[in-house]
């Protein structure tokens with residue numbers, strides 16, 4: 001059974017048709033991102049992922065990380081693979097050339113990042129957070145911070161972390177207790193942070209910690225949180241390495257999955273105080289950290305999608321080779337892929353993986369447009385759309401990843417429950433993603449509160465209007481399955497619109513409605529958006545076939561997958577609308593002591 005095959009054909013199709021590569025290629029600074037170059041990058045990244053990272057995935061799961069006197073060692077082969085990763089320039093793909101980046105669009109960088117997460121999610125978590133650190137410092141760092149830290153973070157020679165969570169403060173960042181004191185233009189940081197991915201390891205010579213802490217005179221709650229840059233090793237003004245900072249890992253968490261990723265309890269300032277410099281202004285730290293968090297939310301959604309791809313490949317390979325039973329229409333035992341229920345599971349996996357991938361690439365393309373489009377109004381429109389999409393990418397991408405990995409175990413049957421089959425790891429690894437960077441429930445609350453109620457549905461109405469535009473090209477195709485796709489997509493769009501208007505109309509009179517309806521509403525909108533993307537891919541496949549594209553099997557499969565999505569997944573939208581319209585009473589009516 002193959003360990004991992006990079007799905008470069010499908011990725012390139014989604015980049016071109018959903019990410020609108022031609023449009024991104026036309027943006028200032030992205031003229032080199034031609035289809036030929038993108039395919040070459042994907043193929044080379046796919047080779048590296050398959051040869052250097054995928055073989056280490058079971059090693060990391062089996063061996064885990066080790067902690068000795070504050071120093072963390074990654075599983076065998078990880079540190080060497082990371083240095084190979086950096087030397088090949090993979091960390092620098094989406095960053096500006098000003099600090100040593102390759103200047104490719106985020107659309108391309110997102111696709112490349114998917115390959116790392118598919119091949120070895122535990123490994124990929126370190127460059128993922130480094131990417132977020134680069135984003136944050138590029139947007140909010142001082143000139144000195146940028147000069148000292150960005151070149152080596154962009155290259156990957158140094159890595160980055162995000163330090164928010166504390167033992168007493170999970171998602172409630174305003175309750176954090178880590179403290180900072182002023183010290184001659186610098187700050188001394190003291191306190192503990194938990195669940196810090198990549199808090200210490202032996203793959204890079206320095207680790208740049210971005211830490212939220214509270215000053216002595218800070219106001220209470222989230223308005224009194226500041227952000228500090230605290231390196232593992234202090235950096236001299238000339239860029240040379242100084243002495244070790246007062247920061248160390250004091251515990252490695254024992255986790256359900258991602259054993260190859262060091263999840264650390266970090267102690268800052270147990271002796272003289274960890275030296276840090278302020279990022280941005282005092283008491284503005286949480287707002288600045290959202291730059292890194294939003295980047296990470298997009299990346300975490302991609303983790304779910306990537307693990308779905310990895311698990312799906314194993315399910316298909318096993319279903320083709322496992323002989324059991326006589327399927328309808330056959331007169332002898334054969335591979336289980338002949339059985340309709342196995343086909344249903346494989347089609348569900350395929351439809352969810354391809355549509356969530358398209359959603360992530362679509363979001364990445366809006367990021368590129370929001371940053372580089374020459375027209376201010378277009379940049380603002382793309383930014384608003386991106387804000388709407390990020391909760392869906394994060395929550396639906398990760399929930400789908402869990403669902404697909406779970407289905408892979410089901411396809412394998414009893415063997416799937418055995419560690420020797422190598423598929424249980426994918427479910428264990430991906431299960432963290434609905435929790436990372438704000439649980440999926442928090443994403444749903446963000447969508448319904450900040451992205452719907454706050455602006456009275458203005459951005460979402462614009463998006464739903466765009467979804468409806470697809471009805472015209474679908475109506476022109478009379479042969480099945482396009483009428484079925486059109487019918488089910490129209491019903492789902494109607495459900496999404498009805499849910500939106502119901503929430504806006506009723507929420508003021510039902511204080512529990514937003515919380516009770518948030519997750520069903522996100523699921524409804526994401527499933528509908530997935531149907532829209534799936535239909536777009538089917539139309540693009542039909543166009544390519546009509547133009548004489550010789551890849552008949554791939555393109556015909558796109559149409560068949562869109563048909564399955566429309567008939568088997570899109571009808572869930574109606575049930576979710578019913579749940580939303582039922583209001584909060586079914587959720588809130590039972591007293592707490594009855595549970």
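Checked against (1) under 16 Å from the mean Cα position of the chain (by Cα); (2) part of a helix (DSSP H, G or I), residue 136 meets all criteria but (1).
In this structure, does residue 319 turn out to be touching a strand residue (DSSP E or B) at 6+ places or on another chain (Cβ under 7 Å), crowded, with 17+ Cβ neighbours inside 10 Å, at pLDDT 95 or above and outside the structural domain of residue 521 (by TED's automatic domain parsing)? In short, yes.
Residue-by-condition table, conditions (1) within 26 Å of the chain's Cα centre (by Cα); (2) touching a residue at least 40 places away in the same chain (Cβ under 8 Å); (3) exposed (fewer than 12 other Cβ atoms within 10 Å of the Cβ):
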{"site": "552", "(1), (2), (3)": "no, no, yes"}
{"site": "558", "(1), (2), (3)": "yes, yes, no"}
{"site": "573", "(1), (2), (3)": "yes, yes, no"}
{"site": "584", "(1), (2), (3)": "no, yes, no"}
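For region 428-442, the tally of residues that are farther than 12 Å from residue 258 by Cβ and modelled with pLDDT of 95 or more stands at 5. Taking residues in region 406-425 that are on the phi > 0 side of the Ramachandran plot, and partners anywhere that are surrounded by 14 or more Cβ atoms within 10 Å (Cβ to Cβ), the pairs with Cβ atoms closer than 8 Å and at least 6 places apart or on different chains are 422/58; 422/314.
Checked against the criteria, residue 491 counts as crowded, with 17+ Cβ neighbours inside 10 Å and either farther than 21 Å from residue 357 by Cα or outside the structural domain of residue 475 (by TED's automatic domain parsing) (or both). Here residue 211 passes the criteria (1) under 15 Å from residue 277 (Cβ atoms); (2) over 25 Å from the mean Cα position of the chain (by Cα) except the one numbered (2). For region 236-286, the tally of residues that are on the phi > 0 side of the Ramachandran plot and in contact with a strand residue (DSSP E or B) (Cβ under 8 Å, 6 or more places away or on another chain) stands at 4.
The condition of being in a helix (DSSP H, G or I), surrounded by fewer than 14 Cβ atoms within 10 Å (Cβ to Cβ), out of contact with any strand residue (DSSP E or B) (no Cβ under 8 Å at 6 or more places or on another chain) and in the same structural domain as residue 582 (by TED's automatic domain parsing) holds for only one of 478, 486, 543, that being 543.
Residues in region 238-262 that are out of contact with any helix residue (DSSP H, G or I) (no Cβ under 8 Å at 6 or more places or on another chain) and touching a residue at least 60 places away in the same chain (Cβ under 8 Å): 248, 249, 250, 251, 252, 255, 262.
Residues in region 340-365 that are closer than 20 Å to residue 563 by Cβ and either part of a loop (DSSP other than H, G, I, E, B) or touching a residue at least 12 places away in the same chain (Cβ under 8 Å) (or both): how many? Quick ask: steps written out before the conclusion?
Of the residues in region 340-365, the ones closer than 20 Å to residue 563 by Cβ are 340-359.
Remaining after also requiring either part of a loop (DSSP other than H, G, I, E, B) or touching a residue at least 12 places away in the same chain (Cβ under 8 Å) (or both): 340, 342, 344-359.
Total meeting the criteria: 18.
Taking region 388-475 and the helices (runs of 4 or more DSSP H) fully enclosed by it, the elements with 1 or more residues that are under 20 Å from the mean Cα position of the chain (by Cα) are at 424-430, 440-448. Every listed requirement among (1) without any contact (Cβ under 8 Å) to a residue 60 or more places away in the chain; (2) under 24 Å from residue 252 (Cβ atoms) is met by residue 82 save one, (1). Annotation: residue 182 fulfils all but one of (1) in a strand (DSSP E or B); (2) within 31 Å of the chain's Cα centre (by Cα); (3) surrounded by fewer than 24 Cβ atoms within 10 Å (Cβ to Cβ); the unmet one is (2).
The values are calculated or read from the model by the stated rules, or taken from the named source; none is laboratory data. Fair warning: this is a prediction, and the values are worked out from it, not measured in the lab. We place every Cβ from the backbone using ideal geometry, glycine too, and count neighbours over all the protein chains shown.
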